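Read-outs throughout are calculated quantities, based only on the coordinates presented, and are distinct from any laboratory measurement. In this text the structure is predicted, and so the values were computed from the model without any measurement. Here the Cβ positions follow ideal geometry from the backbone for every residue, glycine too, while neighbour counts run over all protein chains shown.
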Amino acid sequence: MTLWIEGHDFHYEMENLCRLFFPYERIATVKTLPETEVDGIFVYAGISQQGEARSFSARIRMPDGREQKEQTFGTLSATEKEQERKLGVALFRVLQTVTGETPAWGILTGIHPVKLYRQLCAERGESQAQKWFREKLLVSEEKIRIAQRTMEGELPVLQETDARSFSLYISIPFCPTRCSYCSFVSQTVERSARLIPEYVKLLCQEILHTAEIANALSLRLESVYIGGGTPTTLDAEALASLIDTVRNAFDLSACREFTVEAGRPDTITLEKLQTIRQHGADRISINPQTMNETVLRNIGRKHTVQAVRDAYRLARGVGFFSINMDLIAGLPGDTPESFAKTLQEVISMAPENITVHALALKHAAKMMQEEEIRSFHRDRAAAERMIRCADQMLSEAGYRPYYLYRQSRTAGNLENTGWAKPGFEGHYNVYTMEECHTILACGAGAVSKIKDPYSDRLERIFNFKYSYEYVSRHAEMMARKDRVKTLYEQFRQQLPEIRQPSRADQ
């Protein structure tokens, strides 16, 4: 696909809109009309001034000769955000007409739709926020309802955080094998086993340094999340060392939740579960993705459905406060009927949290190489039925949505939603999705998000992406962490002077 943009810099937003309708097309964005005939799909999105108005134009030409165009007008005084929105609507309309598809989230392409919805509710009230989503962003009624319910579900967690709060994320970028849908930066154990001891040692050093920074800033730790990858690829001794490092380095007196993403059932043993629990973690995640043996084989998972049941039974016996289970809608070979059976069995196991993901196929995933799977992934109707089924069954079972996010190239352009029994909402999930406080992150591929407690400003500090870089350039990466203190000092310096009360105020 060639995307010609003119008169604006909204190329990122226009590219993402094109991906809603053509998720497997590689997009070449240009700012001038190509001199030669363009092969494949050609899209134009431009803004120009016409007299006292601003014109927003979009058109598309398909390889079979079909064409569609749309034009709308706005005032010259329109803000950049409004210009982006109006151009997005024009482009959405032409793509909608030529494909016959209507993405349920409208022109929204961002990761955090509930955060936007919450902000609009605070500014305009719920009814006006719903009207804006419906009329200006073209979001369906069904998605407006899930945004509303999720906002209500996350509220108790958001009310607990304040300017001093932060969370700690720890990355374990190793997995026993690579799933065929996966595009994350993780390495299989057979290829990287020699790195693990040194990686864990250096990771513990980074955790200690991060604790020194947090203590110097008088920050209060609210939640800890050890994720990956698959953290339980580590042996029990390494897990104990890692968790103890956190417990000894940080003040956990205000910590509401300590999660270890156990993940793959084939890595879970009684010894590891006992180690995790005895050393202080109180929440884990066991991720079957599906309870269908055929689908497990299709995605390259080595475990069985029985292994999921066994791992869950062991975790229950060890006594975790909360257990999450991840499922994926839209996996190859799955159907709405078999997905409903997966939901039924997982609900019967009664975990406190169930997270339902819509399959996202990125270019780095092995599945992207198979046309049959891409064709299955295009089946928007099947994915929508699965997500709708999850909504109904989980609601009837007493779960409620409490966090939600979106990714590009998801089945049906749908969302990932975390469901919880009341009182068991995953705090870290809410904090990171709503970007309401700082996340200090350690390990390869981890990204610290430093939240200005006095505004909406968010700054990122990136660790090295790959585990071998993390090990070989560790000193350089550790030095980056010192930016955390610098950023907090900048935030404080930008505070307006507090006006002293006058006699008239008293």
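Summarising the amide proton neighbourhood of A281: residues at separation of 5 or more, or on other chains, whose placed amide H is nearer than 5 Å comprise an empty set. Legend: P(r) of the stretch 81-187 from all alpha carbon pair distances, 10 Å bins from 0, whole percents, reading 11, 31, 25, 25, 7, 0. Rounded to the nearest whole Hz, the Karplus-based 3J(HN,Hα) values (6.51 cos²θ - 1.76 cosθ + 1.60, θ = phi - 60°) of the stretch 263-269 follow the sequence x, 5, x, 6, 10, 8, 10, with x at glycine and proline. With contacts taken as Cα pairs under 8 Å and at least 6 residues apart, the stretch 393-497 reaches a relative contact order of 16 percent. Quarter the surface of the alpha carbon convex hull of the chain and you get the mean projected area, 27.8 square nanometres. When only Cα pairs below 8 angstrom with a gap of at least 6 residues are kept, the stretch 30-99 shows a relative contact order of 28 percent.
Beta bridges assigned by DSSP with both partners in the chain are antiparallel in approximately 45 percent of cases. When only the Cβ of Lys, Arg, Asp and Glu is charged (+1, +1, -1, -1), the dipole of the chain relative to its Cα centre reaches about 120 debye. Between I172 and G227, G228, the built amide H atoms are under 5 Å apart, and every one of these is 5 or more places off in sequence or on another chain.
Over the chain, what is the relative contact order in whole percent, taking alpha-carbon pairs under 8 Å and six or more residues apart?
Over the chain, the number comes to 14 percent.
For the stretch 119-265, the gyration tensor built on C-alpha atoms gives an oblate shape. Its axis ratio a/c (a ≥ b ≥ c) is at least 1.5, and a/b is not larger than b/c. Candidate cross-link partners of K143 among the lysines, defined by an alpha-carbon separation under 30 Å and a same-chain spacing of 8 or more, comprise K69, K81, K86, K115, K131, K341, K362, K421, K449, K451.
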